[in-house]
Amino acid sequence: MDDRPIGVFDSGVGGLTVVKELHAQLPQEDIVYFGDTARVPYGSKSVPVIRRFSLEITRFLESQRVKLVVIACNTASALALDFLRRQTALPIIGVIEPGVRAAFRQQDARTIGVIGTQATIRSEAYQSRLQRLRQGCRVFAKPCPLLVPIVEENLIHAPIAALALEMYLQEFLSLDLDALILACTHYPLLKDAIGKYLGKNVRLIDSAEETAREVAEVLQSRRLEGTPNRIGLEEFYVSDSPEAFMKIGEPFLGRPMKQVFLEHVWKRDFGLSPDGAPF
Ligand code: DGL
């Protein structure tokens, strides 16, 4: 048995959708979460910057003695997963492979939409994996950059959310989609509105459930599982304003957050070179 915590990180609050699912499937596990609220969004940043930030956070999680790291951010998973795997001996799990698996899990999906940040869509991480897994499937990918600030500003039920969804999703209406992958950890909070707009024939995929399943499998196969029946504790670290994080984050998590701390990861000495890690 291994009662060290699971480390989870995101550019902000979005990764809490994954924490919620981890807690549901693995209630015995402790979780240390890092939300980079001072530097969100990652979706409009360049690859070296996203990798640098992801590495700093991974070093911080290592300093918290985590046993595994979950990149609960599609942008960082798309652009930093392989890089991080070369930088640390810890098992690292991203959300993209689980999201792709979830798309094919229940039905024979042939026409699939993918929405995410600019960086995620530009990386083609989803498009290439979907087509590799199922040759001949049609993939329509679209960046939806305004959806993250709408969620971060808690405007999910405001008219601007409906307007933005119409602007981004209108072109999907005529495509006869089987499924739409919500390739951003913020988007599950807009799931109801997206579902209403696209109709019930389009299955909405969010990778949180499948990601938690993969974490459970890795813990089991590497004999890293926590003691059964214990009650896992959660600690949350943010790089700016714990109060704002709690206010926005609680709807993601679906319950109150107790332990939220401020942590400026970039001020820590992780032995990285001043102008960045060797990419
Ligand atoms: N959480 C990020 C993701 O899943 C989106 C927010 C951002 O742009 O940083 O891609």
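The values are calculated or read from the model by the stated rules, or taken from the named source; none is laboratory data. Source: prediction; values computed, not measured. With ideal geometry, Cβ positions are generated from the backbone for all residues, glycine too; neighbour counts draw on all protein chains shown.
Given the condition more than 16 Å from the chain's Cα centre (by Cα) and either surrounded by fewer than 16 Cβ atoms within 10 Å (Cβ to Cβ) or under 25 Å from R52 (Cβ atoms) (or both), answer yes or no: does some residue in region 200-208 qualify?
Taking region 200-208 first, the residues more than 16 Å from the chain's Cα centre (by Cα) are 200-203.
When the remaining residues are screened for being either surrounded by fewer than 16 Cβ atoms within 10 Å (Cβ to Cβ) or under 25 Å from R52 (Cβ atoms) (or both), the result is 200-201.
Yes, the conditions are met somewhere in region 200-208.
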* Asked: Among the candidates L169, L173, L224, L163, which residue alone is in contact with an Asp or Glu (Cβ under 6 Å, 6 or more places away or on another chain) and surrounded by fewer than 21 Cβ atoms within 10 Å (Cβ to Cβ)?
  -> L224
* Asked: For region 26-50, how many residues meet the condition of being under 29 Å from I150 (Cα atoms) and either among the small types (G, A, S) or more than 14 Å from the ligand (Cβ to nearest atom) (or both)?
  -> 8
* Options V114, V70, V95: the member that is within 15 Å of the ligand (Cβ to nearest atom), surrounded by 21 or more Cβ atoms within 10 Å (Cβ to Cβ), over 20 Å from L147 (Cα atoms) and modelled with pLDDT of 95 or more -> V70
* Structure fact -> Taking region 174-206 and keeping residues small (G, A, S) and within 16 Å of the ligand (Cβ to nearest atom) leaves A183
* **Counted residues, region 241-258 - those being buried (at least 16 other Cβ atoms within 10 Å of the Cβ) and not in a helix (DSSP H, G or I)** => 1
